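> So that we are looking at the same thing, I have put the structure below in structure tokens.
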Amino acid sequence: AQSVAQPEDQVNVAEGNPLTVKCTYSVSGNPYLFWYVQYPNRGLQFLLKYITGDNLVKGSYGFEAEFNKSQTSFHLKKPSALVSDSALYFCAVNFNKFYFGSGTKLNVKP
Amino acid sequence: NAGVTQTPKFQVLKTGQSMTLQCAQDMNHNSMYWYRQDPGMGLRLIYYSASEGTTDKGEVPNGYNVSRLNKREFSLRLESAAPSQTSVYFCASILSLTGRGTGELFFGEGSRLTVL
């Protein structure tokens, strides 16, 4: 079965520090992986995706994600966090339909 | 370009009442989804429609029905609402689900439903 796991319910980081939000996947075959962000009382917004090619994918708002096939991971990263990055982040895999992780709440403190 | 539009944004129902959530997309997408979001449980798929004229059950279809009215519109109906259906509902669309597409889902802003 296809699945995505986000092992951390919440990540706390100070503004200006690097951040990482973790995601691991289980897919038979090559995965198509996505990150979405949800701000309070809003729908999910697409951040970035990995389809093929370079393992480091760059997306919106300075976010990037690293695809690691051997570790079956697709961690979301940002070199310098902003308070405005505080939101709920979802990892997803597309395998005929989308499978979402349970979400990680990112808190960036001033 | 409105994207995915959901109505209503808020609704309060009494147990046993029925209602329909409406969703429309203007991106000429073939495939549409309905999800519910509950605290700590992420997004759970209720129903989806891979193309006009087809619908399929997702993870949590019990208590819901859907209609793919045309290519643009995909509605979700609660025939007899229960408190367990209190949730935030999201509609989403994607260009195509054929094979293992590489496109991303586009989401509406959500409909917050409370069942008393």
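Read-outs throughout are calculated quantities, based only on the coordinates presented, and are distinct from any laboratory measurement. From a predicted model like this one, the values you see are computed outputs, not experimental measurements. Please note: Cβ atoms are built from the backbone with ideal geometry, for glycine as well, and neighbour counts cover all protein chains shown.
> Any number yet on Rg/Rh for the stretch A:15-79, C-alpha, Kirkwood?
Looking at the stretch A:15-79, the ratio lands at 0.98.
> Viscosity 1.567 mPa s, temperature 4 °C: Stokes-Einstein D of the protein assembly as shown from its Kirkwood Cα radius, in µm² per second?
72
> Same structure again: Run the quick spin-label model on A:Gln71 and B:Lys71: label points 7 Å from Cα toward the beta carbon, then report their separation in nm to one decimal.
Distance between the two pseudo-spin positions: 4.4 nm.
> Another question about this same structure. What is the average number of partner chain Cβ atoms found within 10 Å of a Cβ in A:94-103?
6
> On to the next question. Could you list which residues have their amide H under 5 Å from that of A:Ala87, counting only those 5 or more apart in sequence or on another chain, with H placed in the peptide plane?
A:Leu106
> So if each residue of separation counts as 0.36 nm, and I subtract the Cα-Cα distance between A:Glu64 and A:Ser26, what length gain in nm does that give?
Separation in residues times 0.36 nm, less the Cα-Cα distance, equals 11.6 nm.
> In the stretch B:1-101, what trypsin sites (Lys or Arg not before Pro) fall in a loop by DSSP, with at most 13 other Cβ atoms inside 10 Å?
For trypsin sites (Lys or Arg not before Pro) across the stretch B:1-101 that sit outside H, G, I, E and B with at most 13 neighbouring Cβ atoms in 10 Å, the list reads B:Lys9, B:Lys14.
> Just report the Cα centroid separation between the stretch A:66-89 and the stretch B:44-116, whole Å.
Computed from Cα coordinates, the inter-centre distance equals 28 Å.
> Using all alpha carbons of chain B, what is the percent of pairwise distances in each 10 Å bin, ordered from the shortest bin to the longest?
Per 10 Å bin, starting at 0, the Cα pair percentages come out as 15, 49, 30, 6, 0.
> Take the residue pairs A:Lys49/B:Lys71; B:Lys14/B:Lys57; A:Lys22/A:Lys97; A:Lys22/A:Lys58; A:Lys22/A:Lys109; A:Lys22/A:Lys69 and return only those whose Cα atoms are more than 23 Å apart.
Numbers: A:Lys49/B:Lys71 26 Å; B:Lys14/B:Lys57 25 Å; A:Lys22/A:Lys97 21 Å; A:Lys22/A:Lys58 16 Å; A:Lys22/A:Lys109 19 Å; A:Lys22/A:Lys69 14 Å.
Pairs exceeding 23 Å: A:Lys49/B:Lys71; B:Lys14/B:Lys57.
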